[in-house]
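Data block below; observations after.
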Amino acid sequence: MNSPASVLVLVVWAVVAFWLIIAFFSGFFTVQQQSRAIIERFGRYLRTAKPGLNLKVPYIDHVVQRVSLRVQQLPVEVETKTADNVFVKLFVAVQYRVVEGNEADSYYKLQDHVEQIKSYVLDVVRAKVPKMSLDEVFEKKDDVGLAVKNELDVSMKVYGFEIPNALVTDVNPADSVKAAMNEIQTQQRLQVAAAAKGEANKILVVKNAEAEAESKHLHCSFFRQGRRRHGPGCAQSRSAHAIFRHAEGDRRFRRQQGDPDAPFPRRHDRHRRATARRHHRGE
């Protein structure tokens with residue numbers, strides 16, 4: 001039969017064994033790929049653990065931070081004023097990551113890297129955009145992004161960060177400004193359309209005038225050729241036709257007034273018609 005003292009000793013040894021087992025397994029830990037683990041011993045930086053299975057002293061060493069080496073993106077919204085006094089909102093996407101080998105600096109030197117990056121972005125954008133007009137902001141937004149990248153890259157390198165890129169993804173003026181810009185574009189397009197229509201009408205009028213002038217020129221040329229071909233006979237024929245038309249009109253008028261002595265119309269005056277035709281042929 002076991003005594004109380006032996007039972008107590010057995011319990012103590014069981015607790016010690018259990019504690020040792022827990023301590024043994026707690027000394028192992030893993031680090032994921034593209035990550036690092038910051039190890040401290042009694043509150044002091046000890047080392048940076050790399051990816052894979054790692055070992056630490058149980059209850060003495062502690063993993064205080066796991067740092068990712070992947071590229072991360074931080075969207076920043078900036079409201080500022082342009083040189084032509086237009087307030088706009090710029091949306092800047094900052095891509096950043098921790099430089100390999102500087103994981104401890106990124107953890108110990110900077111308490112909140114997100115807020116620090118936002119502060120730098122606000123400072124750079126509000127210093128550059130007020131020197132540009134609204135149209136220049138739209139045309140040169142890549143230049144604004146490049147200025148943000150260069151400034152951030154220099155400033156954040158001290159803290160163990162690098163900036164692969166900074167992009168101005170959108171330029172958003174006020175709704176009233178957008179409506180005014182759309183109206184300006186509409187009026188400009190209407191002016192271009194009106195100018196094109198006026199030019200087309202001008203070309204049409206010029207072409208019609210040229211065609212009429214060409215027609216008159218051909219008519220005059222044909223008339224001159226006829227006069228050279230027929231000589232005086234042509235003039236005589238025209239005179240005979242004029243006399244004939246005058247006499248024909250006089251006969252019709254007298255017949256309508258009831259004059260019995262008026263001759264019949266020209267269809268009964270075959271002699272005069274034959275004479276006119278001979279004159280017309282130049283016989």
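The values are calculated or read from the model by the stated rules, or taken from the named source; none is laboratory data. Please read these numbers as outputs of a predicted model, since none were measured by experiment. Cβ: placed from backbone, ideal geometry, glycine included. Neighbour counts: every protein chain shown.
Things worth noting here:
- Residue match in the range 213-223 (condition: aromatic (Phe, Trp, Tyr) and at pLDDT 75 or above): no
- If the condition is being closer than 20 Å to LYS81 by Cβ, surrounded by 15 or more Cβ atoms within 10 Å (Cβ to Cβ) and of a type in the set (D, E, K, R), then the range 161-177 contributes no residue at all.
- Within the range 54-104, the set of residues being among the acidic types (Asp, Glu) and outside any strand (DSSP E or B) comprises ASP84, GLU100, GLU103.
- Qualifying residue in the range 138-154 (condition: closer than 12 Å to GLN95 by Cα, acidic (Asp, Glu) and either touching a strand residue (DSSP E or B) at 6+ places or on another chain (Cβ under 8 Å) or modelled with pLDDT under 90 (or both)): yes
- Taken over the range 122-160, residues that are among the polar types (S, T, N, Q) and over 15 Å from LYS81 (Cβ atoms) amount to 2.
- Checked against (1) part of a helix (DSSP H, G or I); (2) free of Cβ contacts under 8 Å to residues at least 60 places away in the same chain; (3) surrounded by 14 or more Cβ atoms within 10 Å (Cβ to Cβ), TYR107 passes all but a single condition, namely (2).
- Matching residues, the range 110-142, being surrounded by fewer than 14 Cβ atoms within 10 Å (Cβ to Cβ) and without any contact (Cβ under 8 Å) to a residue 12 or more places away in the chain: GLN111, ASP112, GLU115, SER119, ALA127, ASP135, GLU139
- Yes/no for ASP84 being of a type in the set (Asp, Glu) and either touching a residue at least 40 places away in the same chain (Cβ under 8 Å) or exposed (fewer than 11 other Cβ atoms within 10 Å of the Cβ) (or both): yes
- Residue check, SER26 in contact with a Ser or Thr (Cβ under 8 Å, 6 or more places away or on another chain), surrounded by 12 or more Cβ atoms within 10 Å (Cβ to Cβ) and over 13 Å from VAL64 (Cβ atoms): no
- Counting only residues that are over 19 Å from LYS50 (Cα atoms) and among the hydrophobic types (A, V, I, L, M, F, W, C), the range 61-75 holds 1 of them.
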